[in-house]
Amino acid sequence: MDVPAVRLVGLWREFADRVVLQDVSVALPPGESLVVLGPNGAGKTTLLRILATLLRPSGGEASVLGCRLPREAWRARGRIGYVAHEPLLYRDLTVAENLRFHARLHGLQPAEAAEARIAELLERVGMAPRAGELARNLSAGMAQRVAVCRAVLHEPELLLLDEPHAHLDPEAGGLVEPLIAPGVARSRVTVTHDFRAGLAGGGRVLALGHGGSVAYEGPAEGLSTADAEAIYRETPR
Amino acid sequence: MRGLRTLSIATVAAIVAGVALVFFYAPLDADQGFIQKIFYLHVPLGIVALAGFMVAAVHAIRHLRSGDPIHDARSYVSIHISVIFGVAVLATGSIWARASWGKWWVWDEPTLVSFLIVFLLYATYYPLRYAIEDRDRQARYASVFAIMAGAFVPLNFLAVRLAESLLHPRVFATAEGGMPGPMWLTFLVSLAGIALLWLTLVRFELAAKDASAQLARLRRALEAPARAAPARRDLARSGAR
Amino acid sequence: MRAFSAILAKDLRVELRTLQSVPGMVLFAVTTFVLFRFGLDRTSLEGDLAAGVLLATVLFAAILAVNRLFVAERDQGGLDAIRLAPVDATSLLAAKATALVVYLLVLEAVTLPVFAVFFLDSWAALPPLMLVLVLADVGLAATGALISSLATGSRARDLLVPLVLLPLLVPLMIAAAGAAEPLLAAGGPEYGRVASWLAVLGLYDVVFLLVGYGVFDFVLED
């Protein structure tokens, strides 16, 4: 029996008396892809941050890669790659320096191998000529591409992507996609606004409504476009 | 609140006994006269306030380890009451200084000076808490502060003592060595009374917070009955104010 | 260890590139010396006055750097990145505290000679004074880094840091001044009571390093 990449049972999370996630349950088998849909404020980013071990659950059960959160979060770190809303790059370091820093944090050894991997990734997203550029001088699209490199640098088993195609034109998106595709040793959870693309990709879907409750959880084929639209249209309480 | 009534009665009894002893039993000091009797208020207040800060640090450690907000509430209230006692320590110390030395403040009484510094530190507990919006983080950071401050107190006393002893001999040599029997008894009873007072006030404030937290919870439940109610939340989630 | 050196190297590189802390600290310190010259109406200082002016100035200049210590991590997402990696929370605290010590050492290397030129009759006190300052810097860094991490996640962080940090630094100030005063005595450095004050300084350093080590995990979690 394979250990699920993600397993949530009755997860809930509150901030200062406001409940942002309620009773969320989902299981993602390893190597598969989960798309999280929902309107603004539905708690999608919060859910992703909990999976990234950056936030603790307020209640319910949560485990990623077989590690129970929050108690065993430390065991999952280093096996997760996270693309956030912000690129998580230091503005006063160059692209290469940023990636080198992350490589060191993740213990990529030896240094030459890490360098080679950094060079290879930058090449694949078309950012190699900009390796010496300060992060503050990058456009949003460039920063996003570097952020993807940062997230996959250490070959994580679980990828958590918050709007991975934000700021990316179709060409850049095409460069990035192979780096973040799910695969044999890699599961993926993607948060996206674009529910049409999300549903079109297949895999499993978790749709959150306003207030962070689950509106739908199951295979992508089971949620019609009309239903998805309805979730987005529902007025916030 | 169980035991609160017994506690209050015991406190009143101890304080009445203490006052009686102070006024009718304890000897009159030859040098300083009647005003010396403020010693029976000033020193116990100081000892209890400092002990209170230590207790708060212990609660803070328990809060960090368990994450249970009840410990945060206990830590907060302990600091709160100790800070109030701290104001009283400074006030009574100042009165004593004025009566003994003619000045409203003396720098060569190390215990009083260390107390001032400790008080200034714990007074920053409130702005620190209020500046952090997220309640969980606020409680955690407050506990971190309480632990730092608890470690600080003995260090501070050491440093101030050392600074003064090298320059001036102790002036208020009453609290150690050479206290006659009747003074000791009066002192101990006063100490017991003040300690019980601290405990009672802390219990009272915790009970009040618990009540207001339950009230807030009921109000919320009434306002949003349709929303799925998460598991029972503990007192300080809404009541650490 | 590897995370510690990675973060420290990163901080020092950023500081070298942006020069956002150290030059400001140096300028602040020198201007403060001038303020003291006029505020005290003295053109030469010795003993307790010299110790007080020097240490108070270093303390206040340190606060400038303490304010900035965690800002980049919070604002640019560095904190998330570090927490995502399989590293100990204490490596971050140690790296920040060490960076602060480095900034303070640079500050002192530049401003001690200035202080001597402005106010002292002889430079004999400077070498032993550096030892006092190094021990004081470690204590400053231990408490400063911890308070900075608490304040960075809050409103009014620029006000909160000095407010909470200054009372915490009083014993450090007492011990450092106690050690510095005889060193700056009029007739040349005297070493009488310096050792006991250095011991107190060392104790302060150890206590707050240990406290930081014990609690920092709880500062980072969310």
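The values are calculated or read from the model by the stated rules, or taken from the named source; none is laboratory data. What you see is a predicted model, and the numbers here were worked out from it, not measured in a lab. Virtual Cβ from ideal backbone geometry, glycine too; neighbours counted across all protein chains shown.
Restricted to the stretch A:181-196, and to residues there that are surrounded by fewer than 20 Cβ atoms within 10 Å (Cβ to Cβ) and among the small types (Gly, Ala, Ser), the residue that is farthest from A:ASP2 (Cα to Cα) is A:ALA181.
Annotation for the stretch B:107-130: at least one member residue is at pLDDT 90 or above, surrounded by fewer than 19 Cβ atoms within 10 Å (Cβ to Cβ) and among the small types (Gly, Ala, Ser). Among the residues of the stretch A:182-212, the ones that are within 30 Å of A:GLU123 (Cα to Cα) and at pLDDT 85 or above come to 7 in all.
Within the stretch A:19-49, which residues are acidic (Asp, Glu) and either more than 13 Å from chain B (Cβ to nearest Cβ) or closer than 22 Å to A:GLU86 by Cβ (or both)? Within the stretch A:19-49, just A:GLU32 meets the criteria.
The rows are residues; the columns are (1) under 24 Å from C:PRO189 (Cβ atoms); (2) exposed (fewer than 14 other Cβ atoms within 10 Å of the Cβ); (3) within 20 Å of the chain's Cα centre (by Cα).
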residue: C:ALA6; (1), (2), (3): no, no, no
residue: C:SER44; (1), (2), (3): yes, yes, no
residue: C:GLY47; (1), (2), (3): yes, no, no
residue: C:ALA50; (1), (2), (3): yes, no, yes
residue: C:LEU54; (1), (2), (3): yes, no, yes
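This table checks each residue for (1) in contact with a strand residue (DSSP E or B) (Cβ under 9 Å, 6 or more places away or on another chain); (2) assigned to a helix (DSSP H, G or I); (3) over 17 Å from C:PHE208 (Cα atoms).
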residue	(1), (2), (3)
C:ALA61	no, yes, yes
C:LEU64	no, yes, yes
C:LEU79	no, yes, yes
C:ARG83	no, yes, yes
C:PRO86	no, no, yes
C:ALA99	no, yes, no
C:LEU104	no, yes, yes
C:LEU107	no, yes, yes
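Quick check on the stretch C:133-156. Is at least one of its residues more than 8 Å from chain B (Cβ to nearest Cβ), without any contact (Cβ under 8 Å) to a residue 24 or more places away in the chain and out of contact with any strand residue (DSSP E or B) (no Cβ under 7 Å at 6 or more places or on another chain)? No, every residue in the stretch C:133-156 fails to be more than 8 Å from chain B (Cβ to nearest Cβ), without any contact (Cβ under 8 Å) to a residue 24 or more places away in the chain and out of contact with any strand residue (DSSP E or B) (no Cβ under 7 Å at 6 or more places or on another chain). Within the stretch C:194-222, the set of residues being over 20 Å from the mean Cα position of the chain (by Cα) and over 16 Å from C:LEU133 (Cα atoms) comprises C:GLY214, C:VAL215, C:ASP217, C:PHE218, C:VAL219, C:LEU220, C:GLU221, C:ASP222.
Annotation: C:PHE218 fulfils all but one of (1) within 11 Å of chain B (Cβ to nearest Cβ); (2) on the phi > 0 side of the Ramachandran plot; the unmet one is (2).
Return yes or no: is C:MET130 touching a residue at least 12 places away in the same chain (Cβ under 8 Å), more than 14 Å from chain A (Cβ to nearest Cβ), surrounded by 21 or more Cβ atoms within 10 Å (Cβ to Cβ) and outside any loop (DSSP other than H, G, I, E, B)? Please lay out each step first, then the result.
Numbers: touching a residue at least 12 places away in the same chain (Cβ under 8 Å): yes; more than 14 Å from chain A (Cβ to nearest Cβ): yes; surrounded by 21 or more Cβ atoms within 10 Å (Cβ to Cβ): no; outside any loop (DSSP other than H, G, I, E, B): yes.
Answer is no for this residue.
For first residues located in the stretch C:59-76 and surrounded by fewer than 22 Cβ atoms within 10 Å (Cβ to Cβ), partners that are among the aromatic types (Phe, Trp, Tyr) and lie 6+ apart or on another chain with Cβ distances below 8 Å form the pairs C:PHE60/C:PHE28; C:LEU64/C:PHE28; C:ALA72/A:TYR90; C:GLN76/A:TYR90. For the stretch A:69-105, the set of residues classified as in contact with a Gly (Cβ under 9 Å, 6 or more places away or on another chain) and of a type in the set (Gly, Ala, Ser) consists of A:ALA76, A:GLY78, A:ALA84, A:ALA96, listed by residue number.
Which one of A:LEU34, A:LEU47 is at pLDDT 90 or above, outside any strand (DSSP E or B) and either crowded, with 20+ Cβ neighbours inside 10 Å or in contact with a Ser or Thr (Cβ under 9 Å, 6 or more places away or on another chain) (or both)? Step by step, each of A:LEU34, A:LEU47 is checked, and only A:LEU47 is at pLDDT 90 or above, outside any strand (DSSP E or B) and either crowded, with 20+ Cβ neighbours inside 10 Å or in contact with a Ser or Thr (Cβ under 9 Å, 6 or more places away or on another chain) (or both). Could you tell me whether any residue of the stretch A:131-141 is assigned to a strand (DSSP E or B), in contact (Cβ under 8 Å) with a residue 12 or more places away in the chain and of a type outside the set (S, T, N, Q)? Yes, the stretch A:131-141 contains at least one residue that is assigned to a strand (DSSP E or B), in contact (Cβ under 8 Å) with a residue 12 or more places away in the chain and of a type outside the set (S, T, N, Q). Taken together, C:GLY178, C:GLY188, C:GLY212 contain a single residue that is of a type outside the set (Lys, Arg) and either surrounded by fewer than 19 Cβ atoms within 10 Å (Cβ to Cβ) or free of Cβ contacts under 8 Å to residues at least 12 places away in the same chain (or both), which is C:GLY188. Which condition breaks for A:ARG77 when tested against (1) within 18 Å of A:PRO178 (Cα to Cα); (2) within 16 Å of the chain's Cα centre (by Cα); (3) without any contact (Cβ under 8 Å) to a residue 60 or more places away in the chain? Of (1) within 18 Å of A:PRO178 (Cα to Cα); (2) within 16 Å of the chain's Cα centre (by Cα); (3) without any contact (Cβ under 8 Å) to a residue 60 or more places away in the chain, only one is false for A:ARG77: (1).
Residues in the stretch C:157-179 that are more than 7 Å from chain B (Cβ to nearest Cβ) and among the aliphatic types (A, V, I, L, M): C:LEU159, C:VAL161, C:LEU165, C:LEU166, C:LEU169, C:LEU172, C:MET173, C:ALA176, C:ALA177, C:ALA179. Out of all the residues in the stretch A:78-111, which are assigned to a loop (DSSP other than H, G, I, E, B) and among the charged types (D, E, K, R)? Across the stretch A:78-111, the qualifying residues are A:ARG79, A:GLU86, A:ARG91, A:ASP92. Only one of the listed residues (A:PRO156, A:PRO164, A:PRO178) is in a helix (DSSP H, G or I), touching a residue at least 40 places away in the same chain (Cβ under 8 Å) and either within 15 Å of the chain's Cα centre (by Cα) or surrounded by fewer than 18 Cβ atoms within 10 Å (Cβ to Cβ) (or both). That residue is A:PRO178. Restricting attention to the stretch A:50-72 and to residues that are more than 9 Å from chain C (Cβ to nearest Cβ) and surrounded by 24 or more Cβ atoms within 10 Å (Cβ to Cβ), the residue that is farthest from A:ALA166 (Cα to Cα) turns out to be A:ALA62. For the stretch B:124-137, the tally of residues that are within 8 Å of another protein chain (Cβ to nearest Cβ) and in contact (Cβ under 8 Å) with a residue 24 or more places away in the chain stands at 1. It is to be established whether one or more residues within the stretch A:126-149 are surrounded by 15 or more Cβ atoms within 10 Å (Cβ to Cβ) and under 21 Å from A:ILE50 (Cα atoms). The answer is yes; a qualifying residue exists.
Comparison of A:ALA140, A:ALA228 shows that the only residue that is out of contact with any Pro (no Cβ under 7 Å at 6 or more places or on another chain) and modelled with pLDDT under 90 is A:ALA228.
Residue-wise test of (1) within 14 Å of another protein chain (Cβ to nearest Cβ); (2) at pLDDT 95 or above; (3) part of a helix (DSSP H, G or I).
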position	(1), (2), (3)
B:ALA139	yes, no, yes
B:PHE145	yes, yes, yes
B:ARG161	yes, no, yes
B:ARG170	no, no, no
B:MET179	no, no, no
B:THR186	no, no, yes
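Here A:ARG75 passes the criteria (1) assigned to a helix (DSSP H, G or I); (2) touching a strand residue (DSSP E or B) at 6+ places or on another chain (Cβ under 7 Å); (3) surrounded by 17 or more Cβ atoms within 10 Å (Cβ to Cβ) except the one numbered (3).
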